[in-house]
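Peer 1: Can you read through this structure? Questions will come right after.
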Amino acid sequence: MQKQFLAVVGHIGPSPQGAKMSAPHALAALAALGQPTRLAIFQLLMSGEPDGLAAGAIAEEIGCPHNTLSSHLSVLARSGLARATRAGRSIVYRADVDGIRRLVGFLVNDCCAGHPELCDLQDAIRACGCAPAQKSKKRRSRT
């Protein structure tokens, strides 16, 4: 019988801020998102940006028991995809947008021999509605 290997996130921790993502960090993030409940939680956290969501609101929306939710959030945090801050007596969870940017960057880094613009990835980013707003150029009036 052939053994099946499971992706285990472990305690790899998030990659340093501003640094490129390493292969072990990318594998941890992909493994974290490879579980349906964690993927749903991450998508919910992304939709809750920039304010974040309290654990109770996440549990209610996902339909997940609090102790199970805590485990899922821990896996997302260790993989660099979520972060938590204390707000009084509650904890607010947010998607780590920089973490997902590093993951996407890792995945497309070598796209088209180092020219990802050739793959029309910018169109895909704009289509999702999460691209940064373009700065409009103000015309100077001639008076």
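The values are calculated or read from the model by the stated rules, or taken from the named source; none is laboratory data. What you see is a predicted model; the values in this text were computed from it and never measured. Positions of Cβ are generated from backbone atoms using ideal geometry, with glycine treated the same way; all protein chains shown enter the neighbour counts. These area figures cover heavy atoms from the full protein model, side chains too; ligands, DNA and RNA do not enter into them. Shrake-Rupley method; radii C 1.70, N 1.55, O 1.52, S 1.80 Å.
Peer 1: Could you check segment 84-111 and list, in sequence order, the residues that are of a type in the set (D, E) and within 17 Å of the chain's Cα centre (by Cα)?
Peer 2: Residues satisfying the conditions are D96, D98.
Here is a yes/no grid of residues against (1) under 11 Å from the mean Cα position of the chain (by Cα); (2) at pLDDT below 90; (3) within 15 Å of V104 (Cβ to Cβ); (4) open to solvent by less than 70 Å² (accessible area, probe 1.4 Å):
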residue: V9; (1), (2), (3), (4): no, yes, no, yes
residue: Q17; (1), (2), (3), (4): no, yes, no, no
residue: K20; (1), (2), (3), (4): no, yes, yes, no
residue: A29; (1), (2), (3), (4): yes, no, yes, yes
residue: A32; (1), (2), (3), (4): yes, no, yes, yes
residue: Q35; (1), (2), (3), (4): no, no, no, yes
residue: F42; (1), (2), (3), (4): yes, no, yes, yes
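Peer 1: If you go through segment 68-83 one residue at a time, do you hit one that is basic (K, R), part of a strand (DSSP E or B) and open to solvent by 20 Å² or more (accessible area, probe 1.4 Å)?
Peer 2: yes
Peer 1: When you check L103 against the structure, is it among the aliphatic types (A, V, I, L, M) and modelled with pLDDT under 95, yes or no?
Peer 2: Answer is yes for this residue.
Peer 1: Let me ask you something else. Is it the case that G52 is within 14 Å of the chain's Cα centre (by Cα), at pLDDT 90 or above and open to solvent by less than 90 Å² (accessible area, probe 1.4 Å)? If you could, list the steps in order and put the result at the bottom.
Peer 2: Values: within 14 Å of the chain's Cα centre (by Cα): yes; at pLDDT 90 or above: yes; open to solvent by less than 90 Å² (accessible area, probe 1.4 Å): yes.
Criteria met by G52.
Peer 1: If you scan segment 37-67, which residues turn out to be in contact with a Phe, Trp or Tyr (Cβ under 7 Å, 6 or more places away or on another chain) and either outside any loop (DSSP other than H, G, I, E, B) or over 30 Å from A23 (Cβ atoms) (or both)?
Peer 2: L45, L53, A55, I58 - these are the residues of segment 37-67 that are in contact with a Phe, Trp or Tyr (Cβ under 7 Å, 6 or more places away or on another chain) and either outside any loop (DSSP other than H, G, I, E, B) or over 30 Å from A23 (Cβ atoms) (or both).
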